[in-house]
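Novice: Sharing a structure, written as structure tokens. Questions coming.
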Amino acid sequence: MTAVGRTLPDVQAREGHGRAIILASASKARIGLLKDAGLDFTARAAPVDERAIEAPLLKAGAGGAAIAAALADAKALAVSSAVPNALVIGADQVLDFQGEHWTKPASIAEALAQLRRLAGATHRLISAVALARGGTIVWRYAEEARLTMRALTDAEIDAYLARVGDAALSSVGAYQLEGLGIQLFATIAGDYFAILGLPLLPLLAALRHEGALSLAHAGS
């Protein structure tokens, strides 16, 4: 498990600021993680063009950590500018396969192609999270995991896609580790929460540091 991208100062004290927490995402996995952790928050999808943000970074040869961090920052800032007194969580995840940057499959055919390439091989997932307040990033963190998929047959991949259907299109790599997708893997090295798209423990520590989270104020 490798932590990367801690390039900003520690979280600033949040004296004088409200305790509202907003997740700048409509991701069911991220919403579920925060709900299960007992957070009192609202979810609001960030109006950002991810491909437009990625394009110049890819052209410049940026790595996965830089791309994930840029996307997480952009999402947090897009919502923070509209709700300046809230703490806004932005998060994103990128998949690196043998130096290639992958995005979510747009169709079952693309999901099939991704899974065929991933079968029997190792890929990297880099998950980044950022906190914004008042239109400024006050904290960010990124973490990397390495996952090795089993040497799947075409029949196994077809059967998997038949069972999960369009859910395969909701995540990069065409799998959800928290569901049937776990059966595709041989080994996993990394933080489970980061693999799901949100490095949860560092985020909770940052929220506590900000004074925005305690067991006394956790949601029911």
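Novice: For the stretch 50-98, which positions are among the basic types (K, R), surrounded by 22 or more Cβ atoms within 10 Å (Cβ to Cβ) and over 25 Å from L177 (Cβ atoms)?
Specialist: none
Novice: Another question, then. Quick one: in the stretch 175-217, of everything that is in contact with a Ser or Thr (Cβ under 9 Å, 6 or more places away or on another chain) and among the β-branched types (V, I, T), which residue is nearest to L23 (Cα to Cα)?
Specialist: Here the answer is I195.
Novice: Residues to consider are G135, G61; find the one that is touching a Pro at 6+ places or on another chain (Cβ under 7 Å) and modelled with pLDDT under 95.
Specialist: Values: G61 fails: touching a Pro at 6+ places or on another chain (Cβ under 7 Å).
Selected residue: G135, the only one of G135, G61 that is touching a Pro at 6+ places or on another chain (Cβ under 7 Å) and modelled with pLDDT under 95.
Novice: Another one. Find the residue count for the stretch 96-124, including only residues that are modelled with pLDDT under 95 and of a type in the set (A, V, I, L, M).
Specialist: The total comes to 1.
Novice: Considering V138, V129, which residue is over 25 Å from K28 (Cβ atoms), touching a strand residue (DSSP E or B) at 6+ places or on another chain (Cβ under 7 Å) and not in a loop (DSSP other than H, G, I, E, B)? Outline the logic, then answer.
Specialist: Numbers: V129 fails: over 25 Å from K28 (Cβ atoms).
On inspection, the qualifying residue turns out to be V138.
Novice: Which count do you get for residues in the stretch 29-45 that are assigned to a loop (DSSP other than H, G, I, E, B) and under 14 Å from I89 (Cα atoms)?
Specialist: Residues that pass the stated criteria total 5.
Novice: Right, next: Return the total of residues in the stretch 169-203 being charged (D, E, K, R) and surrounded by fewer than 19 Cβ atoms within 10 Å (Cβ to Cβ).
Specialist: Residues flagged as charged (D, E, K, R) and surrounded by fewer than 19 Cβ atoms within 10 Å (Cβ to Cβ) within the stretch 169-203 amount to 1.
The values are calculated or read from the model by the stated rules, or taken from the named source; none is laboratory data. Quick caveat, the model's predicted, so the values are computed rather than measured. All Cβ positions, even for glycine, are placed from backbone atoms using ideal geometry, and neighbour counts span all protein chains on display.
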